[in-house]
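The values are calculated or read from the model by the stated rules, or taken from the named source; none is laboratory data. Everything numeric in this text was worked out from a predicted model, so none of it was measured. Note that we place each Cβ from the backbone using ideal geometry, even for glycine, and neighbour counts take in every protein chain shown.
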Amino acid sequence: MRGSVLAAIPVNMLLGLASTWVAFHSGHGEAGAIWFTVSTAVNLLRIGLCRAPCLGLGLTPDTTPAMAAASLRSADRHLCACIAAAFLSGLVWACQPLLCEGYTSAQTLFYLVITCGITAGAVTHGTAYARIPLAFILPPLLSVTVCLVAAGDFDRDCLAACVLLYLLALTHTAFRSEAGFCEASRIKNEATALARSRAEAHASVSALADEMRRRATHDDLTGLFNRAGFIQQAESRLQAGAISLLLLDLDGFKLVNDVYGHKAGDRVLVEVARRIRAVLPGNGLAARLGGDEFAVLYDPAASGIPQDQLAASLVAAVAQPLDGFDAGRLGVSIGVHSGTEPSLTEMLSCADAALYAAKAAGRNHYRMFDAGLRERLQIRRDLERDLSTALAEADLEVWFQPIYALDAQTLVGLEALVRWQHPRLGWIAPPDLVVTAATAGLTESLLRYILEQVCAMMQILRARGLGTVRVAMNVSPQEMAQVPVDEIVIERLNRLDLPPAMLEIEITEETALDIAAVQGKLHGLSRAGIRVALDDFGIGYSSLSSLRQLRADRIKIDRSFVTGLSDSDDKRGLVLAVLGLGRMLGLEVVAEGVESDEDLRTLQTMGCPFLQGYHLGRPMPVPELEAKVFANRIAAA
């Protein structure tokens, strides 16, 4: 609208000047001068309005609803003012009959042509907003019509009718032009909005893709690379030559989560990541692999920092006190591998073996991967590879060690102990076997295998009339946490129609570290009538409350307190304390590790109700157990 008015006004003024010039020549110079002065003043007013600020022109996509409403009101007021100014200009042009004696003088044709031209031009330029050109053309065309009708002859009446028809045609054209302009503007604005929307969508998608790529390779919490990003970066660096890999695992982090909560644990992880960055060499790569495990990859030759020096710096940095936490609560163990390996997976495996050795040595230690660890790693791999075959082919054996009453003669129980004689490595220790099963994903398979042998022994006992002898089966913390032990055991006993009271599940005190994960399973076992025994009591983590939470019916005094008992006042005091605790809580007490006659007599004097150890009977395979123990019991009976 502003553009059309500003374009039309110069033509308006030139035509007004021509009209004034003709008025001078026809003897109406004074009236012409006054008319032109008023017309020019109105045109200047209209120019001023078109150049005046308008709040309605400041709308943006970010404009608030309140600002938008105010802007629209401002635009409406501005348009109304422009309509009024156009009407005022039209009134000035409606006074042209004063210059030609009411369209009766010789100059009538000139003024009629000027009037038609300026009104047609106003409509032609005013396509954006029809009300303004219509407000301008209405007064002069009506003035022409009135004057022609007033003249009174037939020709002028016909001409007046034509002027009215001309006015109607211009009105119709003005509204048609406005509608066409609005439709074209709508299409243009929609196209512009669509283009802007597509551009914004493209920018949003690009930003989202960048963010997704970053999230795919970085840890949200610490900002370090995650496992996927670390592997991607490390694979490319492996091609450059020998590099060093350090695996870090926080010591005591679980207790931080348990005592202070997971939000505090997250703050610790963020702070540890910051400290790792501070120590990291310039060419180094740091990542959080998951949980409280971190990794550092760097080139010692390029940085000039030996692996042991960097590992020591990382240990010292992480061990620094943390605000809001007890000093020394947090530490770190580090496994270091340096040199070339065929793949990053192999490097990670070697560094993990070194980390495991470092954690075994205590907190705030680092361990370099060496020949000894390589041999142990190979042994572990051999075990993992061969264990599934051994389970499938029943190469594992389950031996049983007898448990006796206070008189050391009455058989009251058997403890099942798994044995594996590897064809190349010889006898495998049960703890190593359990760890191997967990690593190889065979935890449940191993549990089911041992359970089958235990159930077979229970059937043998029933057949021999020894149904009161209870069989104990060890379940590791890993098995208890990862496997539905209660469902598996209860289902198997029901299928074989074996009494649950003949079975006892032995767990270690370490199981108490994650009571929430195992308490339901232990409750299910206890509710079914299966007894629970707490093995190696006295050297782990359990408390008086955890004894109840673990549903323990029996505690087994660790052999370290029993062996040499007759010669140690301290051990005797500890054993007496455990016996008193058992009586107070209604728990059965078994003394493990009875390896001498002196220790046996001491325990009998103390009144220990159940006894187990090499002095009374070693673990034996089933045939030997039947020949030595069952036969003797039947003979005694």
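Candidates ALA86, ALA81: the one that is surrounded by fewer than 18 Cβ atoms within 10 Å (Cβ to Cβ) and either in contact (Cβ under 8 Å) with a residue 40 or more places away in the chain or among the small types (Gly, Ala, Ser) (or both) is ALA81. Taken over region 420-446, the criterion of being at pLDDT 85 or above and in contact with a Ser or Thr (Cβ under 7 Å, 6 or more places away or on another chain) is satisfied by ALA437, LEU442.
In a residue-by-residue description of region 367-382, the property of being touching a Ser or Thr at 6+ places or on another chain (Cβ under 6 Å) and modelled with pLDDT of 85 or more applies to no position. In this structure, LEU414 does satisfy being in contact (Cβ under 8 Å) with a residue 40 or more places away in the chain, under 14 Å from ILE450 (Cβ atoms) and not assigned by TED's automatic domain parsing to the domain that holds ILE243. Scan region 139-192 for residues that are in contact with a helix residue (DSSP H, G or I) (Cβ under 8 Å, 6 or more places away or on another chain) and either within 20 Å of HIS125 (Cβ to Cβ) or not assigned by TED's automatic domain parsing to the domain that holds TYR111 (or both) and the total you get is 10.
Across region 602-617, the number of residues qualifying as out of contact with any Pro (no Cβ under 9 Å at 6 or more places or on another chain) and either closer than 21 Å to VAL418 by Cα or surrounded by 13 or more Cβ atoms within 10 Å (Cβ to Cβ) (or both) comes to 11. Residues ALA408, ALA416, ALA429, ALA472: which one is closer than 22 Å to GLU393 by Cβ and in contact with a helix residue (DSSP H, G or I) (Cβ under 9 Å, 6 or more places away or on another chain)? Just a single option satisfies the conditions, and that option is ALA416. Considering (1) outside any helix (DSSP H, G or I); (2) over 60 Å from the mean Cα position of the chain (by Cα), the lone condition that LEU98 does not fulfil carries the number (1). Of ALA122, ALA179, all but one fail to be in a helix (DSSP H, G or I) and more than 20 Å from PHE87 (Cα to Cα); the exception is ALA179.
With a requirement of 2 or more residues that are more than 25 Å from VAL589 (Cβ to Cβ) and hydroxyl-bearing (Ser, Thr, Tyr), the helices (runs of 4 or more DSSP H) lying completely within region 387-505 that satisfy it span 430-439, 443-463.
If the condition is being surrounded by 15 or more Cβ atoms within 10 Å (Cβ to Cβ) and basic (Lys, Arg), then region 563-595 contributes LYS571, ARG572. For the subset of region 449-459 comprising residues that are surrounded by fewer than 17 Cβ atoms within 10 Å (Cβ to Cβ) and closer than 22 Å to PRO430 by Cβ, which member is nearest to the chain's Cα centre (by Cα)? This residue is GLU452. Would you say ALA122 is modelled with pLDDT under 85, assigned by TED's automatic domain parsing to the domain that holds ALA84 and buried (at least 16 other Cβ atoms within 10 Å of the Cβ)? It is true that ALA122 is modelled with pLDDT under 85, assigned by TED's automatic domain parsing to the domain that holds ALA84 and buried (at least 16 other Cβ atoms within 10 Å of the Cβ). Flag set for ALA234, criterion: in a helix (DSSP H, G or I) and in contact (Cβ under 8 Å) with a residue 40 or more places away in the chain. Of the residues in region 398-437, how many are surrounded by fewer than 17 Cβ atoms within 10 Å (Cβ to Cβ) and within 50 Å of the chain's Cα centre (by Cα)? Qualifying residue count for the region: 12. Of the strands (runs of 3 or more DSSP E) lying entirely inside region 280-369, those containing at least 2 residues that are over 28 Å from the mean Cα position of the chain (by Cα) and crowded, with 20+ Cβ neighbours inside 10 Å span 331-339, 366-368. Per the conditions (1) at pLDDT 90 or above; (2) within 18 Å of SER236 (Cα to Cα); (3) among the polar types (S, T, N, Q), the sole criterion not satisfied by ASN283 is (1).
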